[in-house]
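The block underneath contains the structure these notes are about, expressed in structure tokens.
Read-outs: derived from the displayed coordinates by stated rules, not from any lab. Here the structure is a predicted model, which means the values were calculated and not measured. When we count neighbours, we look across all protein chains shown, and the Cβ atoms used for this are built from the backbone with ideal geometry, even at glycine.
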Amino acid sequence: MNRKGCIALLVASFIVAICGCANKHPAVPVAAANLSEPSPPIKEYPVKAAPPPSKEPVREVTMKKLHVESVPEYHQAPITLDESSTTKSPEKPKALTSSKYSTKQIDKIVDGFEQGSFAFKAPLSMDIRDPPATVTLEISSKLSKEEIRKVIGAKETEQAESGTIEISNNVEATLSSSDFDVILQSKNPQLVSSGKVFTWEWTIKPKKVEKTMVGKLHLDVSTTLDEGVYVLHTLNKEISITISKVDQGVDVVKSNWEYLKWAWGAVLVPVFGFIWKKYTKNGNVKPNDGG
């Protein structure tokens, strides 16, 4: 079979196959649309009528122009610290002569004081075991310093000093010491008048000492003004404080009593026990035979 015969055979086979498929699946007839039949009616819905226009006149809306004031420029104020919020340093004590009175005015006040005299007496010496001694100050605006010295009547065991002093109508006397216990025995301050002798008294007793020493007393005589205290006179005295050998030994024992108790228990008792045992062993102590 030549080439042309093969082609013809293939074409014939293709045609036979197409015809066989048409017989197995016949075509479905499509009904033609009947255009003469009327379409179904369209359903109508009622429409509400619009409300009639309002008879009120339409208000015109007008925009008012806002007036904006000019804003001033910002300037920062200077920063200041509140004194109450800051920590204050402690104030210095005011001087006795503050701004109310000058020194010249104080001098005029002092010039108005009366001139008087004083006498002071105290013991020359004291032993640590002595009872408290008396220290006396007397002030007078009429007596002289010699006269008031006689009035105070110092003994041989006492020391006395007298002199002149400015006197106000209100006088205060203070006796102080670091070596003596000082106790005031009179009123203080005192109102001072003319024609009378005014007396201050203290009792003193030496404090604990370990050896003979010199004790010191300090006296301040003052008056109070509106501006403070004005010192009229000051005085310093020395008193010899003695302590005996026996008292020194007693003080040593008292101050070292704890150590002595330990020494007695640790050393002395065993020593005495050893001596006593040796003494009785040598026959120096004979037993009591009942006779």
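Take the alpha carbon gyration tensor of the stretch 143-246, find the square roots of its eigenvalues, order them as a ≥ b ≥ c, and report rounded if a/c is under 1.5; if not, report prolate when a/b exceeds b/c, else oblate.
Prolate.
Of the listed pairs LYS104/LYS145; LYS208/LYS237; LYS155/LYS211; LYS150/LYS205; LYS142/LYS205; LYS150/LYS211, which have alpha-carbon separations greater than 23 Å here?
LYS104/LYS145; LYS155/LYS211; LYS150/LYS205; LYS142/LYS205; LYS150/LYS211
Please give, to one decimal in nm, the separation of the simple spin-label points placed at LYS187 and LYS150, each 7 Å out from Cα toward the Cβ.
Label at LYS187, label at LYS150, 2.9 nm between them.
How much net charge surrounds LEU124 when only other residues with a Cβ under 14 Å from its Cβ are counted (Lys, Arg +1; Asp, Glu -1)?
Summing Lys/Arg as +1 and Asp/Glu as -1 gives -2.
Tally Lys/Arg at +1 and Asp/Glu at -1 over every other residue whose Cβ is under 13 Å from the Cβ of LEU219; what's the total?
-3
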